[in-house]
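Computed from the coordinates by the stated procedures, all read-outs in this text should not be read as laboratory data. What you are looking at is a predicted structure, and each value in this text was computed from that prediction instead of being measured. Don't worry about glycine lacking a Cβ; one is built from the backbone with ideal geometry, like all the others, and counts go over all protein chains shown.
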Amino acid sequence: MAQTTEVLVFGSAIIDFICYTSRLPKPGETLHGHRFQTGYGGKGANQCVAAARQGSRTALVAKLGADTFGGDYLRQLREEQVNVEHVQQLEGQTTGVAQIAVSDDGENNIIIVVGANSQLSPSDVNKADKLFQEAKVLVCQLETPIEATLTALKSFQGVSIVNAAPAMENTPQELLQLASIFCVNESEAALMTQMVKIETVEEAQEAAAKLRKMGANIVIITLGKLGAIFGTCDPKDGYQHVPAPQVPPEKVVDTTGAGDAFIGALAHNIARHPKNKMRDHIVAACQVASQSVQLPGTQASFPRT
Ligand code: RIB
């Protein structure tokens with residue numbers, strides 16, 4: 001008998017074009033890079049593969065173009081043991097692409113052109129109804145249409161994680177309310193809460209309180225090398241800080257996809273160990289993210305158990 005899905009990801013799949021360069025370019029500047037690599041990316045597929053590599057039974061609902069990239073991506077997802085029954089290649093659409101620059105100190109900037117990802121729709125939720133009924137954890141992001149994401153969240157009874165990335169300035173309140181766990185990084189949290197910057201644990205705690213006031217349930221803000229902070233619905237818990245394992249700066253080669261490694265590992269841990277405390281899930285997710293920054297690439301850098 002086929003085993004049921006633990007982690008269901010509803011979201012994006014994108015091909016990454018990554019240029020490695022000494023520093024990130026300024027506006028109008030052309031730089032010589034020193035290495036180029038293509039990779040399998042998109043926050044949705046990244047999070048799904050990260051959970052699969054931790055050992056979860058995963059499924060992805062996503063759209064690819066009916067092009068070479070789409071065909072290659074589908075094969076790759078099968079190799080990663082992801083259930084791709086609801087990953088569709090669309091005629092007349094191109095597979096989403098991301099142009100990524102990564103500097104020698106591991107920082108990045110990214111432009112995405114989502115292509116076929118723009119066709120993910122509420123009807124795809126109905127088509128994958130069985131997966132929505134059986135999965136323990138649902139994971140969504142914001143690289144695909146928001147109406148479809150809201151429908152997915154409304155159709156799911158288990159634990160839902162919304163990674164509100166890339167951030168929207170006017171995030172619908174419904175999105176915060178529907179998610180069991182709302183997770184953003186420091187810059188996304190700053191944009192959503194109109195804070196000038198979030199550079200410290202205290203500033204992140206202030207932002208998390210604002211996100212809770214905006215309707216979120218459990219809030220997680222990831223802070224790169226500082227780890228993460230989280231706040232639950234229980235005011236007694238306060239806003240706790242979870243430090244990340246320390247990685248020496250010379251070992252940080254590429255932070256691209258570290259947030260996705262975090263989300264995938266978080267989803268895996270919640271699905272596998274539902275009785276564990278939120279803090280334990282976040283400790284495990286920080287561990288996986290800190291491993292991913294030590295290798296180049298997005299999915300290429302995600303650890304396997
Ligand atoms: O989070 C990293 C991802 O963002 C990349 O893989 C890229 O495709 C963009 O979606």
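In the chain, the DSSP beta bridges split such that about 40 percent are antiparallel, to the nearest 5. Taking +1 at the Cβ of each Lys and Arg and -1 at the Cβ of each Asp and Glu, which of CYS19, VAL137, ASN108 sits farthest along the dipole of the chain towards its positive end, judged by Cα position relative to the Cα centre? Value computed over the given set: VAL137. What the phi angles of the range 162-171 give under the Karplus curve with 6.51, -1.76 and 1.60, with θ = phi - 60°, is a coupling list of 9, 9, 7, 9, x, 5, 10, 5, 10, 5 Hz, glycine and proline written as x. Per the Debye calculation on the range 139-192 with a single equal scatterer at every Cα and no solvent contribution, log₁₀ I(q)/I(0) for q = 0.15, 0.29 Å⁻¹ amounts to -0.35, -1.30. Dividing the summed helix terms, -39500 (n - 2.57) for each DSSP H run of n ≥ 4, by the number of residues in the chain produces a 222 nm estimate of -10000 deg cm²/dmol to the nearest 500.
Which order do the peptides 76-87, 211-222 come out in when sorted by mean C-beta neighbours inside 10 angstrom, highest first? Walk me through the intermediate numbers first.
Values: 76-87: 17.8, 211-222: 21.7.
For the peptides 76-87, 211-222, the packing ranking is 211-222, 76-87.
Kirkwood Rh over alpha-carbon pairs of the chain, then Stokes-Einstein at 10 °C and 1.306 mPa s: what D in µm² s⁻¹, rounded to an integer?
Numbers: Rh = 19.2 Å.
Value of D from the Cα-based Kirkwood radius: 83 µm²/s.
When the Cα positions of ALA289, PHE262, HIS273 are compared along the charge dipole of the chain, HIS273 comes out farthest toward the positive end, with charges on each C-beta of Lys, Arg, Asp and Glu.
In terms of packing, defined here as the mean over residues of other Cβ atoms within 10 angstrom, the peptides 248-261, 193-206 line up highest first as 248-261, 193-206.
Taking only the Cα atoms of the range 170-274, the ratio Rg/Rh comes out at 0.96, with Rh defined as the Kirkwood radius. The smallest convex shape that holds all Cα atoms of the range 1-89, its convex hull, gives 127 Å³ per residue.
Length available on full extension from VAL196 to ALA167: 0.36 nm per residue minus the Cα-Cα distance, which gives 9.0 nm. Within the same chain, lysines fewer than 8 places from LYS251 are excluded, and of the rest, those with a Cα less than 27 Å from its Cα are LYS26, LYS43, LYS197, LYS225. Once the convex hull of all Cα atoms in the range 222-305 is built, its volume per residue stands at 85 Å³.
Using a 7 Å offset from the Cα along the Cα-to-Cβ direction at both GLU29 and MET214, what is the distance between the two label points in nm, to one decimal? Computed distance between label sites GLU29 and MET214 equals 3.1 nm.
Dipole size of the range 31-129 about its Cα centre, with +1 on Lys/Arg Cβ and -1 on Asp/Glu Cβ: approximately 180 debye, rounded to the nearest 20. As a calculated quantity, the FRET efficiency between GLU206 and GLN240 at R0 = 22 Å, using C-beta atoms, amounts to about 0.95. For the pair the range 217-269 / the range 1-77, the C-alpha centres are spaced 20 Å from each other.
Taking 19 Å as the straight-line reach from the Cα of LYS130, the aspartates and glutamates in range (excluding those fewer than 8 positions away in the same chain) are GLU6, GLU85. Within the same chain, aspartates and glutamates fewer than 8 places from LYS236 are excluded, and of the rest, those with a Cα less than 20 Å from its Cα are GLU202, GLU203, GLU206, ASP280. How much of the pair distance distribution for the range 22-167 lies past 24 Å, counting alpha-carbon pairs only, in percent? Result for the distance tail: 36 percent. Across the range 130-142, coupling constants 3J(HN,Hα) worked out from phi with the 6.51/-1.76/1.60 Karplus curve, θ = phi - 60°, read 4, 5, 5, 6, 9, 5, 8, 10, 10, 10, 10, 9, 10 Hz, and Gly and Pro carry x.
Protection proxy ranking of 31-41, 156-166, by the mean of other Cβ atoms within 10 Å over each peptide's residues and highest first, is 156-166, 31-41.
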